[in-house]
Amino acid sequence: MSRRHFLHTALGLGGLATLPAWSGIARPGPARVVVVGGGYGGATAAKYLRLWSDHGIEVTLVEPSAALVSCPLSNLVLGGSQTLADITLGYDALVARHGVRLIRDRVSALEPERRRVRLGSGDTLAYDRLVLAPGVDLIWDELPGMARPGAHDAVLHAWKAGPQTAALRAQLQAMPDGGICAITVPRLPYRCPPGPYERACQVAHYFARHKPRSKVLVLDANADVTSKGALFKQVWAERYPGIVEYRPRHAVLDVDAATRRVQFEFEPELQADVLNLIPPMRAGQLAVQAGLATHQGRWCEVDFLSFESSVASGIHILGDAIQSAPGMPKSGHMANQQAKVCAAAIVAALAGQDINPQPLYNNACYSFVSDRDAMHVVSVHRYDAARKTMTASPLGLSSAPSELEGRHALTWARHIWSDTLG
Amino acid sequence: MTRLAHSWPAPAGRRLQVALTLMLGSASLGIPAHADPNTQARAWAAACTGCHNGADGAETPAGMKPLAGANRDAMLDKLLRFKAGQLPATVMQQLTQGYEDAELRAIADYFSRQQP
């Protein structure tokens, strides 16, 4: 589709003068899409909206951070084989190569009835379509101990890559040999199901080299390892015996951050030297505040043909914030894939074309078990028109971690960064 | 929810239908029975470029090479051999299980028509 086509359709409005004002149709100029959130989902959507509209749609990306710090590979920063600089990615190409307009700000409120968003600066941005990729919000209010002053400096989540990742690395480095690092895992669903277990491997890898008398305790609210379970357990038994200990059914009740004591629903409390608390999550705050998190007040239900909200016309929601279809993990790769479906649907809808009725895409997720070796899980996801959801193929898993897959995992990262931002 | 009650004018052929639908307050124009095969193949192929692209330039290691400009028949043959378990791989022998042969053909055909 050409830019001229967009302009032509934009100006050919004679017959539509009687349409209601909310339709937004009687406005000349290029179609405008505002994308909120520059993670894997939002950045990919912004890029592909430009590409697939032949630069005919005006795309504004609103993101407060100067760069994307990748959650994938961020556990390697804890293990010591990557730095934060290695996984920090700029938005330059989105702007320079693809003509995305980048605004470094937050969206403070949605005003859907006026089809605009309000920015932290007070300015407003009008849109024809809105894409929200707000990621996850960490739920702390069920843990009274985390409301005490200084609690968030002592007890880290490091579940959004960035300063917390560096701070957790520093805590591990400062911990004396013989200490205990406890990692708590929330009940599903949460961002990156295998992430906590990969993190346990990375901390164990660091301990094995530098603090061999130390231990990693994985305290899991779930009844079993939620992803790549047999593989992770084999890795812990064979590579990190006496270092990693896995304990299922440990749902955190509260913490005392000052002493790093954790209380559980059913099990006795324990004390750690480094307490890495990965709390329950919900859709990013903006989506929850706007009433879009219709599933248990936590996740946003969407139409899987377009990622349009089930309750808000013209608002599309991507990535970790959505109520996932069965077998669909909350992963950066999945957000990248969803963003392309969403971008294609918006481009088609704005041009009056049919939306692809058969979305078909995949997930690939590598976990590093050391500084070199990795293992994967992959799946294919296709639309089920009868049930209006996505169905997942059986999972494809590594037979064992390998150095070859470690190289593939690093290639995957470079390539998906390029696909998302380049 | 109004799927195609979009805020942008449709091409002339659809415009009246969209306008009528909006004015009548209809919830939806319905799901199309089929999509444009070109945009559908493009969408399916875009799922591959998360891994397969030219990010590394000439340095691209084995696997995850860019697919644009590939020979259609050679690519399809390779995909079908992955699917049949005749070509060892780490993930492609698994991912291809999730695709119909016709879908793999459409994807190979799409990439073969792209500039490398």
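Tabulated values for the structure
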| read-out | value |
| --- | --- |
| Within region A:374-395, considering residues that are in a loop (DSSP other than H, G, I, E, B) and at the interface with another protein chain (Cβ under 10 Å from one of its Cβ atoms), the one farthest from B:Lys83 (Cα to Cα) | A:Lys388 |
| Members of region A:389-422 found to be over 24 Å from A:Leu49 (Cβ atoms) and among the charged types (D, E, K, R), listed by number | A:Glu403, A:Glu405, A:Arg407 |
| Positions within region A:316-336 being touching a Pro at 6+ places or on another chain (Cβ under 9 Å), in a helix (DSSP H, G or I) and within 13 Å of chain B (Cβ to nearest Cβ), in sequence order | A:Gly332, A:His333 |
| Odd one out for A:Ser313 among (1) surrounded by fewer than 24 Cβ atoms within 10 Å (Cβ to Cβ); (2) in contact with a helix residue (DSSP H, G or I) (Cβ under 7 Å, 6 or more places away or on another chain); (3) at the interface with another protein chain (Cβ under 8 Å from one of its Cβ atoms) | (2) |
| Matching residues, region A:21-74, being at pLDDT below 95, among the small types (Gly, Ala, Ser) and surrounded by fewer than 17 Cβ atoms within 10 Å (Cβ to Cβ) | A:Ala21, A:Ala26, A:Gly29 |
| Looking only at region A:66-88, and only at residues there that are of a type in the set (Ser, Thr, Tyr) and in contact (Cβ under 8 Å) with a residue 60 or more places away in the chain, the one that is farthest from A:Arg191 (Cα to Cα) | A:Ser81 |
| Tally, over region A:368-407, of residues that are farther than 21 Å from A:Arg239 by Cα and in contact (Cβ under 8 Å) with a residue 12 or more places away in the chain | 16 |
| Given (1) within 30 Å of A:Pro401 (Cβ to Cβ); (2) within 7 Å of another protein chain (Cβ to nearest Cβ), number of the condition A:Asp371 does not satisfy | (2) |
| Subset of region A:411-422 (residues that are in contact (Cβ under 8 Å) with a residue 24 or more places away in the chain and assigned to a helix (DSSP H, G or I)) | A:Trp412, A:Ala413, A:Ile416, A:Trp417, A:Asp419, A:Thr420, A:Leu421 |
| Any hit, region A:284-303, residues being outside the structural domain of A:Ile346 (by TED's automatic domain parsing) and touching a Leu at 6+ places or on another chain (Cβ under 6 Å) | no |
| Within region A:396-419, considering residues that are under 20 Å from the mean Cα position of the chain (by Cα) and facing chain B (nearest Cβ under 8 Å), the one surrounded by the most Cβ atoms within 10 Å (Cβ to Cβ) | A:Ile416 |
| Selection count where residues are assigned to a loop (DSSP other than H, G, I, E, B), crowded, with 24+ Cβ neighbours inside 10 Å and within 14 Å of chain B (Cβ to nearest Cβ), scope region A:283-303 | 1 |
| Qualifying residue in region A:371-393 (condition: surrounded by 22 or more Cβ atoms within 10 Å (Cβ to Cβ) and within 16 Å of A:Ala45 (Cβ to Cβ)) | no |
| Filter pass, A:Met334 being out of contact with any Lys or Arg (no Cβ under 8 Å at 6 or more places or on another chain), surrounded by 23 or more Cβ atoms within 10 Å (Cβ to Cβ) and at pLDDT 95 or above | yes |
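Rundown of residues vs (1) over 30 Å from A:Ala208 (Cα atoms); (2) modelled with pLDDT of 95 or more; (3) away from chain B (no Cβ under 14 Å); (4) in a helix (DSSP H, G or I), yes/no style:
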{"site": "A:His8", "(1), (2), (3), (4)": "yes, no, no, yes"}
{"site": "A:Leu19", "(1), (2), (3), (4)": "yes, no, no, no"}
{"site": "A:Leu94", "(1), (2), (3), (4)": "yes, yes, yes, yes"}
{"site": "A:Ala109", "(1), (2), (3), (4)": "yes, yes, yes, no"}
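The values are calculated or read from the model by the stated rules, or taken from the named source; none is laboratory data. As the structure is a computational prediction, the values presented were derived from the model and not from experiment. Using ideal geometry, Cβ is built from the backbone for each residue, glycine included, and neighbour counts are taken over all protein chains shown.
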